[in-house]
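Enquirer: The structure follows.
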Amino acid sequence: MLLSSCRALGLSRTPNRNRGTCCPKSPSQRVCVAISLPLSNVVKIIDFGLSQKFATNGDAHLHDQVGTVYTMAPELLAGDYNEKADVWSLGVIAFMLLRSSMPFYGRDRVHVMKRIIQGKYHFKARRWTHISPEAKHFVADCLITDPNVRPSAEEAQYGTWIQRRHHKST
C-alpha cells in the first residue's frame, strides 16, 4: 500500500522500509511523505516549497515574510523570527481543525495582520464548549505572541492534550 501511494504521488520509496518514507524522485520535487510502519494512524506530509536550511544553535533568525498571512506569527510579520514561528502556525492550524474557523480574520490583509500582532482571538463560540480545556490550553500556548515565552516544538509535544491523544492512539 505504501509503495502504491508513493507511486501515485510521484514519489520514490526510500531504502529504509521500517520508516515508511517516500521522498522526491528528483530535486525539483518538494514533498516528502512519512507513514509510520507498522501501519498506524500517523501520516506526515511535508512540503519543502518554502523551506530553508536552518542553524540549530538557537541563535539563527530568518527574515523573509513567507507563507499564508493567516498562519504567520507576529515575529514573522515583523521580519525577524526563528523556529518558534512554526509553533504559532501549528496553533493556528489546531484552532482551525478544532473549531472550523480561523483565529485571526478581518476585512483585509492589514486587518488580519493587526489582529495577529495583537494576538486577538477567543474561545467564546458555541463550538468551543465541547472542546477540552487541555486542547484549548495547547492552542493558547502555541498562540502566545511573545516567542520567548511560546513553547518550542519539542516542549509543545509534551503538553497534556498531545500526550493524551498520543497514548490513545498507541
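The values are calculated or read from the model by the stated rules, or taken from the named source; none is laboratory data. None of these values were measured; they are calculated from a predicted model. These area figures cover heavy atoms from the full protein model, side chains too; ligands, DNA and RNA do not enter into them. Shrake-Rupley method; radii C 1.70, N 1.55, O 1.52, S 1.80 Å.
Enquirer: Which length gain, in nm to one decimal place, applies between residue 69 and residue 158 when the Cα-Cα distance is subtracted from 0.36 nm times their residue separation?
Expert: Full-extension gain reported as 29.3 nm.
Enquirer: Hey, what did the range 74-170 get for relative contact order, percent, Cα under 8 Å, at least 6 apart?
Expert: The normalised contact order for the range 74-170 reaches 34 percent.
Enquirer: Tell me, what is the 1.4 Å probe accessible area of residue 141, in Å² to the nearest 10?
Expert: Per-residue accessible area (residue 141): approximately 50 Å².
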